[in-house]
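A.B. asks: Sharing a structure here in structure tokens format.
The values are calculated or read from the model by the stated rules, or taken from the named source; none is laboratory data. Since this is a predicted model, take the numbers as computed values, not measurements. Neighbour counts are summed over all protein chains in view; Cβ atoms, including those assigned to glycine, are modelled from backbone coordinates with ideal geometry.
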Amino acid sequence: MNRLTCKNAPAAIGPYAVATQANGLIFTSGQLPIDPTSNQLVEADIVLQTKQSMSNIKAILEENGSDLAHVLKANIFIKDMNDFAKLNEAYGTFFEGDAVPARSAVEVARLPKDALVEIEVIAEII
């Protein structure tokens, strides 16, 4: 297993790696909607937060030999399932055509930094 880093995504805020690589796969840690330039949580809006989390994932994958078209599985943790339709719409803009991964989405009581969403993926290295 190799620990991965990314200059264009937020650094880990605890004792974990932003992502790891093993057996031709990249496993990202859950990505909060933190702007990597300010290191602050973006505005409390599910669409903006989903887009930021996905942008962080995109940066991690692209810097480490993959991309969103090679995501096999995504896990989404959402604070309020009433925001699910808006999350879906924002999330869907990151995938083209049929290149959508398998996915789980669960409502959780609370996320770090009181974020509205956290997303993690498993992707193939290309």
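A.B. asks: Which one is nearest to Lys113 (Cα to Cα), of the residues in the range 68-85 that are part of a strand (DSSP E or B) and in contact with a Phe, Trp or Tyr (Cβ under 9 Å, 6 or more places away or on another chain)?
C.D. replies: Across the range 68-85, the extreme among qualifying residues is Ile78.
A.B. asks: Tell me, please, whether a residue that is of a type in the set (D, E, K, R) and either in a loop (DSSP other than H, G, I, E, B) or in contact with a strand residue (DSSP E or B) (Cβ under 6 Å, 6 or more places away or on another chain) (or both) can be found in the range 21-41.
C.D. replies: no
A.B. asks: So which residues in the range 47-67 are under 17 Å from Leu4 (Cα atoms), in a helix (DSSP H, G or I) and in contact with a helix residue (DSSP H, G or I) (Cβ under 8 Å, 6 or more places away or on another chain), if there are any at all?
C.D. replies: If the condition is that a residue be under 17 Å from Leu4 (Cα atoms), in a helix (DSSP H, G or I) and in contact with a helix residue (DSSP H, G or I) (Cβ under 8 Å, 6 or more places away or on another chain), then Ile57, Lys58, Leu61 are the ones that fit.
A.B. asks: Working only within the range 70-125, note down all residues that are under 20 Å from Ala17 (Cα atoms) and among the acidic types (Asp, Glu).
C.D. replies: Glu118, Glu120, Glu124 - these are the residues of the range 70-125 that are under 20 Å from Ala17 (Cα atoms) and among the acidic types (Asp, Glu).
A.B. asks: When you scan the range 86-96, do you find a residue that is out of contact with any strand residue (DSSP E or B) (no Cβ under 8 Å at 6 or more places or on another chain), modelled with pLDDT under 95 and assigned to a loop (DSSP other than H, G, I, E, B), even just one?
C.D. replies: Yes, there is a match, as at least one residue in the range 86-96 is out of contact with any strand residue (DSSP E or B) (no Cβ under 8 Å at 6 or more places or on another chain), modelled with pLDDT under 95 and assigned to a loop (DSSP other than H, G, I, E, B).
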